[in-house]
Amino acid sequence: MSVPDRIRAKLAAFEPSLIEVEDDSHLHAGHAGARSGGGHYNLHIVSDAFIGKNTVARHRMIYTALGEMMKGEIHALAIRAQTAEEAKQSN
């Protein structure tokens, strides 16, 4: 299973209405993180599990769910975590 697929699988616990994972590792070729094997990813996730949580709390939830992946397979993760209402307002 690819890293983006594993990210999606681990974050499925949040019952997201949207989850997009983009692998931007190719944009960081030669970067220290790329040399160590960790990839660079962009994540957009929409879930009502984030209701009442600030940005830092949402990111912590995601990092906790990804667990060991954050120590090797993922070098950098850009996160956009929204509730359904926030996503609706930003469109």
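The values are calculated or read from the model by the stated rules, or taken from the named source; none is laboratory data. Note that the structure is a prediction, hence the values are computed from the model and not measured. As a convention, Cβ positions derive from the backbone with ideal geometry for all residues, glycine included, and neighbour counts pool all protein chains shown. Surface accessibility is based on the protein's heavy atoms, side chains included, excluding ligands, DNA and RNA. Shrake-Rupley method; radii C 1.70, N 1.55, O 1.52, S 1.80 Å.
Structure notes:
- When residues in the stretch 54-91 are screened for being of a type in the set (Gly, Ala, Ser), assigned to a helix (DSSP H, G or I) and more than 15 Å from Pro4 (Cβ to Cβ), 5 of them pass.
- Residue count, the stretch 64-87 (criterion: among the charged types (D, E, K, R) and either at pLDDT 95 or above or in contact with a Lys or Arg (Cβ under 8 Å, 6 or more places away or on another chain) (or both)): 4
- The numbered conditions (1) open to solvent by 30 Å² or more (accessible area, probe 1.4 Å); (2) closer than 27 Å to Ser2 by Cα; (3) without any contact (Cβ under 8 Å) to a residue 40 or more places away in the chain; (4) of a type outside the set (D, E, K, R) are all true for Ile51 except (2).
- Whenever a residue of the stretch 16-44 is outside any loop (DSSP other than H, G, I, E, B), its partners that are open to solvent by 60 Å² or more (accessible area, probe 1.4 Å) and at pLDDT below 65, lying with C-beta atoms within less than 8 angstrom and at least six residues away or across chains, give the pairs Ala34/His28; His40/Leu27; His40/His28; His40/His31.
- Within the stretch 67-77, the set of residues being under 11 Å from the mean Cα position of the chain (by Cα) and either without any contact (Cβ under 8 Å) to a residue 40 or more places away in the chain or more than 16 Å from Ser25 (Cβ to Cβ) (or both) comprises Met70, Leu77.
- Residue in the stretch 45-54 that is over 15 Å from Arg8 (Cα atoms), among the basic types (Lys, Arg), modelled with pLDDT of 95 or more and more than 12 Å from the chain's Cα centre (by Cα) present: yes
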